[in-house]
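Undergrad: Pasting a structure here, questions to come.
The values are calculated or read from the model by the stated rules, or taken from the named source; none is laboratory data. Values in this document were obtained by computation on a predicted structure and should not be read as measured data. Cβ placement follows ideal geometry from the backbone for every residue including glycine, while neighbour counts extend to all protein chains displayed.
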Amino acid sequence: MLKPNKELAIKAAINLTPQYADLLRDIQSGNGRAFFSAEIAGIRKNLGDYVLVYDNENKIGCALFLAIMGEDRFKEFTAEINNSAPSEQQEFINEMASPDSEFVEAFSSFDIPQTANDWKVAKEAANNLPEEERKELAKRGATFWCFLFSSFFNTLALMVHGSRMTTLVPQAIAGDDVAFLKAIQIDRMLLSNYPYFRDRKVRAQDEGDTEFLKQIAYRETNPPLRGKVQFPALYMLFGILDTFLILSDLKHREILDICDDAGLDRYQNRIEDIGYLGKRLRDYRDWQKINGMSTP
């Protein structure tokens with residue numbers, strides 16, 4: 001199985017932490033539910049089919065590559081990968097994901113507008129582009145948002161339930177109703193945009209399965225986050241590293257350096273040194289347990 005190297009995982013954590021932290025703050029402002037700013041909520045509604053990638057972890061990564069490369073280059077890339085030996089495939093992935101590659105540079109350039117004026121400026125800039133360039137930008141932008149939403153909720157599920165959405169959704173499709181309920185608690189878009197989840201709810205209604213419908217209603221209204229996350233950016237960084245399966249392997253000094261590179265203020269996050277970082281890691285693990293216990 002192809003996997004990103006350690007350096008790519010760290011680079012992804014550095015680049016994604018500010019974006020994910022903003023989304024997590026939006027959730028916190030909605031009392032734990034996924035309420036985003038009007039602009040982001042509109043994008044998410046229009047791109048609700050992003051939930052279809054949850055059935056395969058690789059699809060999330062493919063969405064990122066497609067957004068960065070564009071359709072033609074992605075097809076060439078896929079053909080090169082498919083025609084290479086496994087060892088060459090991994091080497092090719094690592095080379096593309098090296099810190100000085102065009103791929104990483106493009107990945108690092110994405111930034112979510114912070115204010116209504118920022119959104120206005122971004123829209124005006126896009127509208128001033130030639131038509132073909134504007135269409136290509138819109139297509140790639142939509143694909144990148146699909147990556148961002150799916151990878152964010154994938155990370156949030158791991159933080160809250162100890163399992164990714166890419167684990168919960170296949171389990172639900174296989175008939176695991178507990179996984180079904182956990183998944184919709186993290187991302188309610190499943191109920192309107194994923195055929196199995198939509199049909200499963202309709203089946204419960206048709207069969208008069210009131211107990212299951214009550215559980216669905218509970219999960220829809222019960223926020224995935226219990227209480228305020230004191231250090232949202234730090235916890236999202238931990239979650240991203242956890243998603244890449246390297247959090248437990250990193251030394252505290254390495255994690256502290258990653259925090260610095262991601263722009264996390266040491267004082268605000270109470271990570272002044274490796275001793276404090278160790279305390280925050282223990283707090284994060286305790287927080288995971290509390291959330292897991294609060295959402296049976």
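Undergrad: Here are some residues: 158, 168, 190, 181. Which one is over 16 Å from the mean Cα position of the chain (by Cα) and surrounded by 16 or more Cβ atoms within 10 Å (Cβ to Cβ)?
TA: Just one listed residue meets the conditions, 181.
Undergrad: Could you name every one of the helices (runs of 4 or more DSSP H) located completely within the stretch 129-207 that has at least 2 residues being in contact (Cβ under 8 Å) with a residue 60 or more places away in the chain?
TA: 131-161, 165-173, 177-186, 189-193
Undergrad: While we're here: I'm trying to understand the selection: among the residues of the stretch 255-286, which are of a type in the set (Ser, Thr, Tyr) and outside any loop (DSSP other than H, G, I, E, B)?
TA: 276, 284
Undergrad: Based on this model, can you work out whether residue 23 counts as surrounded by 18 or more Cβ atoms within 10 Å (Cβ to Cβ), within 25 Å of residue 246 (Cα to Cα) and at pLDDT below 85?
TA: Answer is yes for this residue.
Undergrad: Step by step: first the residues of the stretch 193-215, then only those that are closer than 21 Å to residue 149 by Cβ and surrounded by fewer than 18 Cβ atoms within 10 Å (Cβ to Cβ), then the one that is nearest to the chain's Cα centre (by Cα). Which residue is that?
TA: 193
Undergrad: Among the residues of the stretch 67-113, which ones are within 30 Å of residue 42 (Cβ to Cβ) and assigned to a loop (DSSP other than H, G, I, E, B)?
TA: Result: 70, 110, 111, 112, 113.
Undergrad: Next up: Give the number of residues within the stretch 224-251 that are more than 17 Å from residue 24 (Cα to Cα), surrounded by fewer than 16 Cβ atoms within 10 Å (Cβ to Cβ) and not acidic (Asp, Glu).
TA: Our first condition is that a residue be more than 17 Å from residue 24 (Cα to Cα); within the stretch 224-251, this holds for 244-251.
Next, only the ones that are surrounded by fewer than 16 Cβ atoms within 10 Å (Cβ to Cβ) stay: 245, 248-249, 251.
This time we only want the ones that are not acidic (Asp, Glu), so: 245, 248, 251.
Result for the stretch 224-251: 3.
Undergrad: Right, here's the next one. Report, by residue number, each residue of the stretch 114-128 that is more than 25 Å from the chain's Cα centre (by Cα) and either in a loop (DSSP other than H, G, I, E, B) or within 20 Å of residue 80 (Cβ to Cβ) (or both).
TA: Within the stretch 114-128, just 128 meets the criteria.
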